[in-house]
Every structure is written in structure tokens, then in C-alpha cells.
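Report on the following structure.
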Amino acid sequence: MTIRLKTALLASTMALAAPAAVLAQSDTDNPMVGGAEMLADRNIVENAMNSADHETLVAAVQAAGLVETLQGEGPFTVFAPTDDAFAALPEGTVDTLLLPENKEQLTQVLTCHVVAADAMSDAIVGMIEDDNGNHPVPTLGGCTLQAQMDGDAITLTDENGRVATVTIADVQQSNGVIHVIDTVLLPPQDSGSDGATDGGTMDGAAGSDDAAASGMDSEGTSSDDMASGGMAGDNPTVGGAAMYADRDIIENAMESPVHTTLVAAVQQAGLVETLQGEGPFTVFAPTDDAFAALPEGTVDSLMMDENRDQLAKVLTAHVVPGAITAGDIVAGIGADGFYHMDTVSGDALSAQQTDSGAVFIYDESGNAYEVTTADVMQSNGVIHVVEGVLLPR
């Protein structure tokens, strides 16, 4: 199904009108992005998910399979285009890049915004000055950006002449730094071909020698080396993706290719921080096919800003306090043949085991959906994948 990628109006209150020398933020004074607090002890993906101005970027990172990479140790500098920046691309470009067959192109576009270093704005300004006003910045995607000053603002020019301005600088992360930019930067284009970015083959490969040459204290990290993460252990895979018991519900859900709608909905409802919390939580996680099976237009309607409360209620009707495993459910089935649960939304769920051993979850509307993957353990609870969307009465 098509997921609506909301385009938000970029806040203009931090257009770098202040001198470059005061751009840097301390750990305790991170700037807001997209109306959301950015926490320096969280990683790039966690903070990006909380920004209302970076929903397209988050969806693209997920589609490209770069979530685990950008949750890695790093450090990384990410020049993060806003939703408005993606919307300004030629019509159809984003939808085309998000197609599975264009994953390689999408990956290169995204990694052309990533440098294997932790480069704060004052360091970038210093390098621009040292290079007589123009500092080359090799990226992990094989592109070389040119960093310059436009008054007090840092600009980045790609190899096609596209210019992006840093609108919010020095958003510190646990694994690097984000600088928000107002334009999507693209790999070198070959005007004679028909590519996903309106006419371009995407050449070039990033190398640690190039990254080191940027002068940004790179460790020479390659895109194949960047991923970190704990052992998946005996956790089942979901949608073909490994699930890590030392990661939280949001981190693992973003790795699942069959939960893109759920992740987008959680973000739209403002529940990311909640489900990254200590918990523990039990989440019955509907797949993309489950959302697609709802009546036509239901998901698009729920994703509208004016229906955010209703969306939050639907989602929290899938969340139960505590970490309840399949074994707990089966062991707790009562004389009536059901295991009863109260969800965070205040609605009730009931679980029943069939003679074949399958577990079905019933909502208050009388729908029953099978648990297709059970006991996906998380650092803050457990996920059970279900084949349908559970609805409040």
C-alpha cells in the first residue's frame, strides 16, 4: 500500500542569522527540530523519528535498509533534508526512489548526505576558512560536497550545482551530529540517462581515504562497517529482518520491512518516545498487509493531523503494560477459555489458543486475528506480530 508521507512546513526561526561562532550547541542545549526536543543521548535514527519535519527522510532510511547503520557507533555527520526539501524534487522522484527496485539508488542518495565523522559547525567553518572559502567534503555515498559560507550560513553544493543551506546546526546525537538542510543533495548526474532522480546514473564509491581527506577527523568508516548491534540470539526474524533483544520496540520495528505502515503511524501519533521508554510493553504489531486490509481510505484518514487522537487510540489498543510472552498467555487462560488483557487505550483484548496450538487475539469489535510470529523479545518488552488491525469498539 502507499503510505502518505506528510510534508510539513519547515520552521524558519533558526535560519542561522546568528554568527557562525555561536552555532554550536551544548549537550544540554540541543536545538528543537520539527517542534520536537532532540536528546543528545539518543542516536540519529531515534531523534529523526521524533522530528515532524523529517518523516520522508525516516521513511527513506527505512526503505534503504540504513536504520541499523545510522544507529551504529559512528560517529556520523548527517546533513538532513526536510520533508519540504524532498517535496521540492521533481514530481514522482520520491515515490520512484522508494520502490524496492531502486533501493541501490536511494541508498546512494541518502549516503551522499553522510560523512564518517563528527563535524560540528564551528569545525566546518574553520575548514572553509583554511581552504580559502571552499572546503571539499567527501561523503559515504561517493559524492563530494563543497562547503562554503553565505554570510553567516553554511552552504553545501553537490556535483550537480544544487545548493543546500544549513538551517539548523549542531543537533548533537549519541553517535554524531545532525545539521538540518533545506535541499536534497544528489549524486553526480549523467544527463543522457533516465534515472530515478530525473536523469542520472549514480557513480562513485565512498572510501575511507576520501573520508579522511575531508579533514573531519574521520575514522574511515565504510557503509558496510557502520552497523552495530547486539546479538539477535534466539529471537525470530520478522519480515526477513533480524530482531535484537537489546534494542527497543521502535528500533526493531523500523528494521521490519512488513511494518512500515505501523512505524509511520506511530510516528504520526507522537508515540515514538513512549515506545522507546522503559516499559515494559507488550505490542501486538499488525503488518502492512493488515493495514491494507482495512476499508479503503481508512489508513489515509487516520494519518490526517486532525485524526491524531483517534490514531493514537487505535495504536495504543495494541499495547498492553508488561512483558507478556506467548507462554504467559497460554498458561493464564481461564475457565472461559480466554486470557484477558487491558490495553493502554483502556480497551480490552482477549487471547485464545486453538486445538492446533495457534493463538488468536480478539478485540472489542469481535475481530479475531492470529499471532503469526510470537515472542520477539525487546529491551523494553515483547512484540507479537498479528495478521489484523485490532480496533477499539
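Mind checking which residues of region 234-246 are part of a loop (DSSP other than H, G, I, E, B), within 17 Å of the chain's Cα centre (by Cα) and either assigned by TED's automatic domain parsing to the domain that holds Q71 or aliphatic (A, V, I, L, M) (or both)?
Across region 234-246, the qualifying residues are A242, M243.
Just to be sure, is G270 in a loop (DSSP other than H, G, I, E, B) and either crowded, with 19+ Cβ neighbours inside 10 Å or free of Cβ contacts under 8 Å to residues at least 24 places away in the same chain (or both)?
Spelling it out, it is not the case that G270 is in a loop (DSSP other than H, G, I, E, B) and either crowded, with 19+ Cβ neighbours inside 10 Å or free of Cβ contacts under 8 Å to residues at least 24 places away in the same chain (or both).
Looking at T111, T82, can you tell me which residue is within 22 Å of T144 (Cβ to Cβ) and hydroxyl-bearing (S, T, Y)?
Of T111, T82, the one residue that is within 22 Å of T144 (Cβ to Cβ) and hydroxyl-bearing (S, T, Y) is T111.
V299 versus (1) within 22 Å of V67 (Cα to Cα); (2) part of a helix (DSSP H, G or I); (3) not charged (D, E, K, R): which is the lone unmet condition?
If we test V299 against (1) within 22 Å of V67 (Cα to Cα); (2) part of a helix (DSSP H, G or I); (3) not charged (D, E, K, R), just (1) comes out false.
Sort out which residues of region 307-324 are part of a strand (DSSP E or B) and touching a residue at least 40 places away in the same chain (Cβ under 8 Å), and write them in order of number.
Residues satisfying the conditions are V319, P321.
Which of (1) in contact with a Gly (Cβ under 9 Å, 6 or more places away or on another chain); (2) more than 19 Å from S365 (Cβ to Cβ); (3) part of a helix (DSSP H, G or I) does V258 not meet, given it meets every other one?
Going through (1) in contact with a Gly (Cβ under 9 Å, 6 or more places away or on another chain); (2) more than 19 Å from S365 (Cβ to Cβ); (3) part of a helix (DSSP H, G or I) one by one, V258 breaks only (3).
Which number in (1) among the hydroxyl-bearing types (S, T, Y); (2) more than 17 Å from the chain's Cα centre (by Cα); (3) more than 21 Å from D328 (Cα to Cα) marks the one condition that T261 misses?
Answer for T261: the failing condition is (2).
Quick one: G327 ticks every box in (1) closer than 21 Å to V263 by Cα; (2) outside any strand (DSSP E or B) bar one, so which box is it?
So the condition that G327 fails would be (1).
Any idea which of T343, T372, T325, T354 is surrounded by fewer than 20 Cβ atoms within 10 Å (Cβ to Cβ), assigned by TED's automatic domain parsing to the domain that holds H259 and under 25 Å from A292 (Cα atoms)?
The conditions single out T372.
Suppose we filter region 382-393 for residues that are at pLDDT 95 or above and either in a strand (DSSP E or B) or of a type in the set (K, R) (or both); how many remain?
Total satisfying the criteria: 5.
Considering G133, G142, which residue is surrounded by 18 or more Cβ atoms within 10 Å (Cβ to Cβ), on the phi > 0 side of the Ramachandran plot and in a loop (DSSP other than H, G, I, E, B)?
G142
The values are calculated or read from the model by the stated rules, or taken from the named source; none is laboratory data. Computed from a prediction, not measured in an experiment: that's the story for all the values here. Backbone-built Cβ (ideal geometry, glycine too); neighbour counts: all protein chains shown.
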